[in-house]
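One structure below.
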Amino acid sequence: MTSRPLPTGANPPPSDLPPGARRSHALENVSAYLRAHQELQVLDFGGINQPNLDFVTGLGHRIYGENLMLAFDYFFSQQEVASRQFAPERVEQFLDQTFDFEDQSCDAAFLWDTLQFLPPNIAQGVLGRLYRVLAPDSLLMAFFHPENSGPAAPHVCRILDDRNLQLTPRQHVRAIVPFSTRSIERFFQQFQSVKFFLTRENLQEVIARR
Amino acid sequence: MWNRSKKDDEASSRPATPAPSPSDYGREAIPTSSYAARQSDFSGTRAVATIGKSLIIKGLIRGQEDLVIDGRLEGDVDLPENRLTVGVTGHVQGAVRAREIVVLGSIQGNLEASERVEIKKNAKVIGDLKAQRPVIEDEAYFKGNVETIRIDKPAPKPAAPPIVVEPQASLLPDNKPENRKG
């Protein structure tokens, strides 16, 4: 296993970082993993953006992009969303359509803060499918906001370099599902290990190892 | 005026066209065709074909000119040396291969470009993307895999060994027959 050298300007000085940028210990862990391996299949469920695409493909990996929240909005009717009644077969159909990968064929997943903006049973289903498509020892990264409940803005997360992220609130707010540290642990109980990093803004950064 | 040269002053004092002499009035004007000039204009620009927004086409498109799709295409596009633009009203359902692909409308199918793929704001692409330079703007919807084509720089050629010219024995002064000592 050989680690890749940092590209020129991989970690610019803090003065060069755009507003909203901050250091992410979880990202540092994932970056080290991405640099240590070659030709990985990386999943980005926050809706792909150019910095993430450049970062991942720049390391020689493939990136699959999908906006999980938008996929959910397209698939389920307003009636289903309003009543919060999701028939099991409809949920299965949504998951089949969204996670069209062979078992254990993917190596890393960025979920960002999407899980918190999906109804709990859908989020649990998403995690179950991710467990299936991720290869053993692969990493999953997710964020959990400190908000208790009510509407909140999901964030666009851009990877600036190996350790810095830019988080920008999206225009439209959505219902947020509260998660405590204990509930996050339970949520990821299938996974081999779960690491928590609490940021200054009380954002829980989570890395789960499959 | 600033740094106005004498030459400029002379030019501005001169009328743009010389005033016609009385004999010129009787002469018939000869119309000059602009055809030759237009022809050279066309040869200087790239040919672009367009599928208008009311058109629906089913089948394969293959060719050697740039193409703009504002209508609907159900089929593949193969323009290996050219650019494909899918306009805001354009929709393609099929695989696309081109030198450059610019999407403002929607594509459902895999994209492969030897150079650049640009998915603009509000465009929608569902399919895998393979290009040397993929660009996805914010607020574009993309679902699929992205793979970049790496153009490996040619390895620097090893320095050529110095050319050593060995003079032919017969050309050496001492070997010349007339210089030989008997």
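The values are calculated or read from the model by the stated rules, or taken from the named source; none is laboratory data. Note that the structure is a prediction, hence the values are computed from the model and not measured. Note that each Cβ is placed from the backbone with ideal geometry, even for glycine, and that neighbours are counted across all protein chains shown.
Points worth noting:
- Filtering segment A:47-74 to residues that are more than 24 Å from B:Arg116 (Cβ to Cβ) and within 12 Å of chain B (Cβ to nearest Cβ) leaves A:Leu68, A:Met69, A:Leu70, A:Ala71, A:Asp73, A:Tyr74.
- For segment A:110-120, the criterion of being in contact with a helix residue (DSSP H, G or I) (Cβ under 9 Å, 6 or more places away or on another chain), within 14 Å of another protein chain (Cβ to nearest Cβ), in a strand (DSSP E or B) and at pLDDT 95 or above is met by at least one residue.
- Output for segment B:96-126, where each listed residue is on the phi > 0 side of the Ramachandran plot and modelled with pLDDT of 95 or more: B:Gly109
- Entry remark, segment A:30-56: residues being within 21 Å of B:Ile126 (Cβ to Cβ) and either surrounded by 19 or more Cβ atoms within 10 Å (Cβ to Cβ) or of a type in the set (Asp, Glu) (or both) number 12 in total.
- Restricting segment A:96-107 to residues that are outside any loop (DSSP other than H, G, I, E, B) and more than 11 Å from chain B (Cβ to nearest Cβ), the residue that is surrounded by the most Cβ atoms within 10 Å (Cβ to Cβ) is A:Asp107.
- Scanning segment A:141-175 for residues that are in a strand (DSSP E or B), modelled with pLDDT under 85 and hydrophobic (A, V, I, L, M, F, W, C) yields A:Ala152, A:Ala175.
- The criterion of at least 2 residues that are not hydrophobic (A, V, I, L, M, F, W, C) is met by the following strands (runs of 3 or more DSSP E) wholly inside segment B:61-155: B:72-74, B:77-86, B:91-93, B:96-103, B:106-108, B:111-119, B:129-136, B:141-148.
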